[in-house]
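Structure first, commentary second.
The values are calculated or read from the model by the stated rules, or taken from the named source; none is laboratory data. Every value quoted in this text rests on a predicted model; they were computed, and no experiment measured them. Ideal geometry is used to build each Cβ from the backbone, glycine not excepted, and the neighbour counts take in all protein chains shown. Side chains are part of the model used for accessible areas, which takes the heavy atoms of the whole protein and leaves out ligands, DNA and RNA. Shrake-Rupley method; radii C 1.70, N 1.55, O 1.52, S 1.80 Å.
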Amino acid sequence: MTEIEIQQERISELIKLIQQNPSLKIVPMVDSELGGDDFSYYMGKWGKAEIDEVYHEDERIYFRSYDEEELGEQIFGRLESSNPAWDSPYLEERTKEELDEIKWGKAIDVKIDLP
């Protein structure tokens, strides 16, 4: 497949997701490995678009499909450091409870990759 064919396929998939889910927020996610702050804009290319569940905390956004485990580890670490007397099974139970309380919201996740 040529680069333009890949681009057309990915944009077509994005349009299809938007038409099927017009009420969902579109979240463009730019590859984080940009080379510094010397320029205002960087050229990217269309990556995959998919529906996922998202959660915002401070400046960080979490995607349930691939960040939930990391978020659980962060919660576990926070609970463990603030409650050193708690044993591991109880910490795991409290971590699961906190994860279950998170208000995830559906969104269309659009990857903007590096060229």
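Within the stretch 4-115, what percent of beta bridges assigned by DSSP are antiparallel, to the nearest 5?
Here the antiparallel bridges make up roughly 65 percent for the stretch 4-115.
So what J values fall out for the stretch 96-111 if you push phi through Karplus, 6.51 cos²θ - 1.76 cosθ + 1.60 with θ = phi - 60°, rounded to Hz, Gly and Pro as x?
So the J values, rounded to whole Hz, are 4, 4, 5, 4, 5, 7, 5, 8, 6, x, 6, 7, 8, 8, 10, 7.
Using 0.36 nm times the number of residues separating residue 23 and residue 66, minus their current alpha carbon distance, what extension gain do you get?
13.2 nm
Excluding residue 8 itself, what net charge comes from residues whose Cβ is under 15 Å from its Cβ, given Lys and Arg +1 and Asp and Glu -1?
0
If Lys and Arg each add +1 and Asp and Glu each add -1, what is the summed charge of the other residues whose beta carbon sits under 12 Å from the beta carbon of residue 56?
Around residue 56, the surrounding residues sum to -2.
Keeping every protein chain present and rolling a 1.4 Å probe, give me the accessible area per residue for the chain in Å².
Per-residue value: 74 Å².
Nearest 10 degrees is fine. How inclined is helix 3-20 to the longest principal axis of the chain, computing both from alpha carbons?
60 degrees
With a point put 7 Å past each Cα toward its Cβ, work out how far residue 80 is from residue 15 in nm, to one decimal.
About 4.9 nm, to one decimal.
Dipole magnitude of the chain about its Cα centre, charges +1 at Lys/Arg Cβ and -1 at Asp/Glu Cβ only, in debye to the nearest 20?
600 debye
Can you send over the carbon and sulfur percentage of the accessible area for the chain, probe radius 1.4 Å, protein chains only?
50 percent
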